[in-house]
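Q: The structure's right below; bear with me while I get my questions together.
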Amino acid sequence: MVEQIISQFSSFGFEGSRSSGAAVLSAQAVFPFVPSGAAVCTGCAAGVDAATRKAFPECQVFSVSDFNISGIGRASFAIRSAALVQSVAASSGLLLAFPSTACPAAVKPSRSFAGHGSGSWGSAALSVGLGAATLICIPDGCAAPAWLVAIGQPLEGSGFWFVPARPALF
């Protein structure tokens, strides 16, 4: 089912945990499903971003340094992630998110970025809020957040939840 969903798109954004581990392995497992010649974008961090850059050397990299505005510090990461998600949404692409932790309770779909400590979940929630197609890999031992259960489709036996493209929620 994951392969079928991915095959419907020609533009992809990969977001995920900065640590190596299960999130990276899950991302690597779907890389072969991305159609040849597809547009791929990711961030500049370690973990899922680094694995994506290695798998797709021609991908567009959204770098924090491109969004580093004097005096805002860590907010540059949120601005970078929001730009990536907005780019995927504008191209009618698919955002794939690979968080390594449960979704913070305060994270909800929105048209503005709010990760509350989790950039991966913040990106997924923004993607859903913008109405973009979103595929989220739920970490082992974690439950899908209530908002995802309400609007998403679990892909049986895979750990993935899919939210199809739709008009923006907010």
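The values are calculated or read from the model by the stated rules, or taken from the named source; none is laboratory data. All figures in this text were calculated on a predicted structure; none of them were measured in a lab. Backbone-built Cβ (ideal geometry, glycine too); neighbour counts: all protein chains shown. Note: accessible area is taken over every heavy atom of the protein model, side chains too, but ligands, DNA and RNA are not part of it. Shrake-Rupley method; radii C 1.70, N 1.55, O 1.52, S 1.80 Å.
Q: I'd like the full set of residues that are of a type outside the set (A, V, I, L, M) and modelled with pLDDT of 95 or more, limited to segment 75-95.
A: Across segment 75-95, the qualifying residues are Gln86, Ser87, Ser91, Ser92, Gly93.
Q: Report yes if some residue within segment 112-124 is touching a residue at least 60 places away in the same chain (Cβ under 8 Å), assigned to a strand (DSSP E or B) and either closer than 23 Å to Gly21 by Cβ or not hydroxyl-bearing (Ser, Thr, Tyr) (or both); otherwise report no.
A: Taking every residue of segment 112-124 in turn, none turns out to be touching a residue at least 60 places away in the same chain (Cβ under 8 Å), assigned to a strand (DSSP E or B) and either closer than 23 Å to Gly21 by Cβ or not hydroxyl-bearing (Ser, Thr, Tyr) (or both).
Q: Which residue is farthest from Leu95 (Cα to Cα), if the candidates are limited to segment 126-159 and must be touching a strand residue (DSSP E or B) at 6+ places or on another chain (Cβ under 9 Å) and assigned to a helix (DSSP H, G or I)?
A: Only one residue fits best here, namely Val149.
Q: When the residues of segment 24-36 are narrowed to those that are in contact (Cβ under 8 Å) with a residue 12 or more places away in the chain and closer than 22 Å to Ser7 by Cβ, which ends up surrounded by the fewest Cβ atoms within 10 Å (Cβ to Cβ)?
A: Pro35
Q: I've got another one for you. Just to check your reading of the model, which residue among Leu155, Leu148, Leu96, Leu84 is hydrophobic (A, V, I, L, M, F, W, C), surrounded by fewer than 22 Cβ atoms within 10 Å (Cβ to Cβ) and in contact (Cβ under 8 Å) with a residue 12 or more places away in the chain?
A: Result: Leu155 is the single residue among Leu155, Leu148, Leu96, Leu84 that is hydrophobic (A, V, I, L, M, F, W, C), surrounded by fewer than 22 Cβ atoms within 10 Å (Cβ to Cβ) and in contact (Cβ under 8 Å) with a residue 12 or more places away in the chain.
Q: Also, I was wondering about something else. I need a count of the residues in segment 67-81 that are assigned to a helix (DSSP H, G or I) and open to solvent by 60 Å² or more (accessible area, probe 1.4 Å).
A: 2
Q: Here's something else I'd like to know. Looking only at segment 59-77, decide whether some residue is farther than 29 Å from Met1 by Cβ and in contact (Cβ under 8 Å) with a residue 24 or more places away in the chain.
A: Among the residues of segment 59-77, at least one is farther than 29 Å from Met1 by Cβ and in contact (Cβ under 8 Å) with a residue 24 or more places away in the chain, which makes the answer yes.
Q: Still on this structure: Of the conditions (1) open to solvent by 10 Å² or more (accessible area, probe 1.4 Å); (2) hydroxyl-bearing (Ser, Thr, Tyr); (3) over 14 Å from the mean Cα position of the chain (by Cα), Thr101 satisfies every one except a single condition; which number is it?
A: Failing condition for Thr101: (3).
Q: Can I ask one more? Which condition breaks for Val107 when tested against (1) within 19 Å of Ala39 (Cα to Cα); (2) open to solvent by less than 10 Å² (accessible area, probe 1.4 Å); (3) not aromatic (Phe, Trp, Tyr)?
A: Only one criterion is unmet by Val107, namely (1).
Q: Which members of segment 37-61 meet the condition of being buried (at least 18 other Cβ atoms within 10 Å of the Cβ), assigned to a helix (DSSP H, G or I) and not aliphatic (A, V, I, L, M)?
A: Those that are buried (at least 18 other Cβ atoms within 10 Å of the Cβ), assigned to a helix (DSSP H, G or I) and not aliphatic (A, V, I, L, M): Asp49, Thr52, Arg53.
Q: Would you point out which residue out of Gly129, Gly115, Gly119, Gly141 is open to solvent by 20 Å² or more (accessible area, probe 1.4 Å), more than 23 Å from Gln4 (Cβ to Cβ) and in contact with a Phe, Trp or Tyr (Cβ under 8 Å, 6 or more places away or on another chain)?
A: Gly119 is the lone residue from the list that is open to solvent by 20 Å² or more (accessible area, probe 1.4 Å), more than 23 Å from Gln4 (Cβ to Cβ) and in contact with a Phe, Trp or Tyr (Cβ under 8 Å, 6 or more places away or on another chain).
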